[in-house]
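Notes follow once the structure below has been shown.
Every number here is computed from the coordinates shown, using simple stated rules; none is lab data. The shown structure was predicted, so the numbers you read here are calculated from the model rather than taken from an experiment. As a convention, Cβ positions derive from the backbone with ideal geometry for all residues, glycine included, and neighbour counts pool all protein chains shown.
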Amino acid sequence: MNNIEIKDLESGKQYIVVHIENNTCIPYIVKCLKLKDILFLSNNKKYTIDYFFHENRGIDFYGNRFILLNCWDSIDECNKWCEFENKIRQ
């Protein structure tokens, strides 16, 4: 798992991320869209970073949230992490 700062996300690049719904981890493959805000596209739906597993690390000098998005290198690695987390959450 990698932690990527918002400023380091590349527009048009795909990322493997996780959404936690009803205490269940679900892997997503999303495409980053840098518009006025950073959005993620999956199955023609747009999501904000708050929808996915991320870490808030505080606020910078300008009042912006310092956020790291948790991303995986492969879908297999992400699925294994989700399976492990889902077992713990049961």
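Values for this structure:
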quantity: Sole exception among (1) in a strand (DSSP E or B); (2) over 13 Å from Tyr15 (Cα atoms) for Gly63, by number; calculated: (1)
quantity: Inter-residue pairs, beta-carbon under 8 Å, first closer than 21 Å to Met1 by Cα and in segment 54-68, second in a loop (DSSP other than H, G, I, E, B) and not hydroxyl-bearing (Ser, Thr, Tyr), 6+ apart; calculated: Phe66/Asp60
quantity: Leu41, sole failed condition from (1) assigned to a strand (DSSP E or B); (2) in contact (Cβ under 8 Å) with a residue 12 or more places away in the chain; calculated: (2)
quantity: Residues located in segment 1-24, provided they are in contact with a Lys or Arg (Cβ under 9 Å, 6 or more places away or on another chain), part of a strand (DSSP E or B) and within 14 Å of Phe40 (Cα to Cα); calculated: Gln14, Tyr15
quantity: Counted residues, segment 25-38 - those being in contact with a strand residue (DSSP E or B) (Cβ under 9 Å, 6 or more places away or on another chain) and free of Cβ contacts under 8 Å to residues at least 12 places away in the same chain; calculated: 0
quantity: Qualifying position, being of a type in the set (Val, Ile, Thr), out of contact with any helix residue (DSSP H, G or I) (no Cβ under 6 Å at 6 or more places or on another chain) and exposed (fewer than 10 other Cβ atoms within 10 Å of the Cβ), among Ile6, Ile88, Ile59, Ile20; calculated: Ile88
quantity: Breaking point among (1) touching a Cys at 6+ places or on another chain (Cβ under 8 Å); (2) buried (at least 17 other Cβ atoms within 10 Å of the Cβ); (3) part of a strand (DSSP E or B), for Asn70; calculated: (1)
